[in-house]
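A.B. asks: Structure below; questions to follow.
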Ligand SMILES: NC(=O)c1ccc[n+]([C@@H]2O[C@H](COP(=O)([O-])OP(=O)(O)OC[C@H]3O[C@@H](n4cnc5c(N)ncnc54)[C@H](O)[C@@H]3O)[C@@H](O)[C@H]2O)c1
């Protein structure tokens, strides 16, 4: 079975300039894809595109016009996207619901849910017309159960459902749509927050709640994304694949003291 694209297939990675998206761009370039690094952080997108021999595009997922221009430009210049990865994200602090402002709520929904919808629709319709393609949306394990970051988590739950629904819309046209749900992933944004004493680290190492006893590396999420984007996953659509070091599996062990620690006594 072939494991790398045989012609240079095109992957558009939205939110590709930093964090998980950047790890996806680097891996996909190594695997032989022509990568379009698309991000509202145009400067970082340019630097990464130069590093990996890809193409940088400035785009804000809150603007439907910009997304449609990106999709049309990729079609005109590169023959269209074979794969789309949506890794852009807006985040929130742990807050009681009444302290989440209307403005913050709307922004998180606009970037995470509506932005994913806009990107999927712009590229998915083109892929369906061409007879094939693969979309991978980055959701989150927070979208799979209750979470104190409830605005963010609600959008991720919706992204998982949107993914399934779009997989059914476009499956007959050869377009696959899947989600990857990372657990806490050690990107620069999170490491910076931890170094300032904030974020998920404030309550101790979040990795201790995972079956593997650790957090996730961006490269590990990228491996799953590239697999789902590639033809190696040609019979897989509509799934949500957690890449969480077993955090979701271990959540049921919390009332018994958490996942078993590997010790010399065990
Ligand atoms: N890091 C984690 O622990 C973790 C866990 C679960 C899910 N996720 C999800 O993974 C994805 C990537 O997160 P990350 O941790 O790599 O974050 P990050 O901040 O490192 O990267 C996010 C990227 O999205 C871009 N972006 C933000 N708003 C945008 C917009 N409106 N238009 C275009 N680009 C925009 C940013 O410029 C940045 O390059 C997000 O969807 C996030 O919800 C992350």
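A.B. asks: Multiplying the sequence separation of residue 196 and residue 161 by 0.36 nm and subtracting their Cα-Cα distance, what value in nm do you get?
C.D. replies: 9.1 nm
A.B. asks: On to the next question. Could you work out the relative contact order of the stretch 10-256, using alpha carbon pairs under 8 angstrom and six or more residues apart, expressed as a whole percent?
C.D. replies: Averaging sequence separation for qualifying contacts and normalising by length gives 19 percent for the stretch 10-256.
A.B. asks: By how many degrees, 0 to 90 and rounded to 10, does the Cα axis of helix 115-130 deviate from the longest principal axis of the chain?
C.D. replies: With rounding to tens, the tilt is 40 degrees.
A.B. asks: Can you figure out the FRET efficiency of residue 76 with residue 235, using R₀ = 30 Å and their beta-carbon distance, to the nearest 0.05?
C.D. replies: Calculated transfer efficiency: 0.45.
A.B. asks: Another question, then. Would you calculate the separation in nanometres between label points at residue 168 and residue 43, each defined as 7 Å from the Cα along the Cα-to-beta-carbon direction?
C.D. replies: 4.6
A.B. asks: So what's the angle, to the nearest 10 degrees on a 0 to 90 scale, between helix 150-170 and the longest Cα principal axis of the chain?
C.D. replies: So the inclination is approximately 40 degrees.
A.B. asks: Output the 0 to 90 degree angle, nearest 10, between the alpha-carbon long axis of helix 19-30 and the longest principal axis computed from the alpha carbons of the chain.
C.D. replies: Here the helix axis deviates by roughly 50 degrees.
A.B. asks: Just to be sure I understand the model, the point goes 7 Å from the Cα along the line to the Cβ. What's the resulting residue 8 to residue 130 distance in nm?
C.D. replies: Output for this residue pair reads 1.5 nm.
A.B. asks: Report, in deg cm²/dmol and to the nearest 500, the calculated mean residue ellipticity at 222 nm for the chain, where each DSSP H run with n ≥ 4 adds -39500 (n - 2.57) and the sum is divided by the residue count.
C.D. replies: Roughly -12500 deg cm²/dmol at 222 nm, from the helical runs in the chain.
A.B. asks: Among 235, 22, 158, which one shows the biggest mean-square fluctuation in a GNM of the chain, springs joining Cα atoms closer than 10 Å?
C.D. replies: Between 235, 22, 158, it is 235 that shows the largest mean-square fluctuation.
A.B. asks: Additional query: So what is the diffusion coefficient of the stretch 86-216 in µm² per second by Stokes-Einstein at 37 °C and 0.692 mPa s, using a Kirkwood Rh over Cα pairs?
C.D. replies: 206
A.B. asks: Residues in the stretch 70-90 near a label at residue 50, defined as backbone nitrogen under 13 Å from the 7 Å Cα→Cβ point?
C.D. replies: Under 13 Å, as judged by backbone N against the label point of residue 50, lies no residue of the stretch 70-90.
A.B. asks: Evaluate the distance, in nm, between pseudo-label points positioned 7 Å from the Cα of residue 145 and of residue 93 along their respective Cα→Cβ axes.
C.D. replies: With each label placed 7 Å out from Cα toward Cβ, I get 2.6 nm.
A.B. asks: Reported to two decimal places, what Rg/Rh ratio describes the stretch 129-195 when computed on Cα atoms with Rh from the Kirkwood expression?
C.D. replies: Radius of gyration over Kirkwood radius for the stretch 129-195 works out to 1.11.
A.B. asks: Step by step: find N for the stretch 162-221, compute 2.2 N^0.38 Å, then divide the Cα radius of gyration by it. What's the final number?
C.D. replies: Relative to the rule-of-thumb radius for its length, the stretch 162-221 sits at 1.59.
A.B. asks: Would you kindly give the portion of the calculated P(r) for the stretch 65-123 that falls above 16 Å, as a percent of all Cα pairs?
C.D. replies: The calculated P(r) of the stretch 65-123 puts 53 percent of pairs beyond 16 Å.
A.B. asks: Two decimals, Cα atoms only, Kirkwood Rh: what is Rg/Rh over the chain?
C.D. replies: Rg/Rh: 0.97.
A.B. asks: Something else now. So for 209, 107, fewest C-beta neighbours within 10 Å to most, what's the order?
C.D. replies: Taking fewest neighbouring Cβ atoms as first place, the list is 107, 209.
A.B. asks: Further, regarding this structure: Given 0.36 nm per residue, what is the gain on full extension from residue 63 to residue 105 after removing their alpha carbon distance, in nm?
C.D. replies: Length gained, residue 63 through residue 105: 13.4 nm.
Coordinate-derived values only; no laboratory data. Computed from a predicted model, the values in this text were never measured in an experiment. Glycine also receives a Cβ, built like all others from the backbone with ideal geometry; neighbour counts cover every protein chain displayed.
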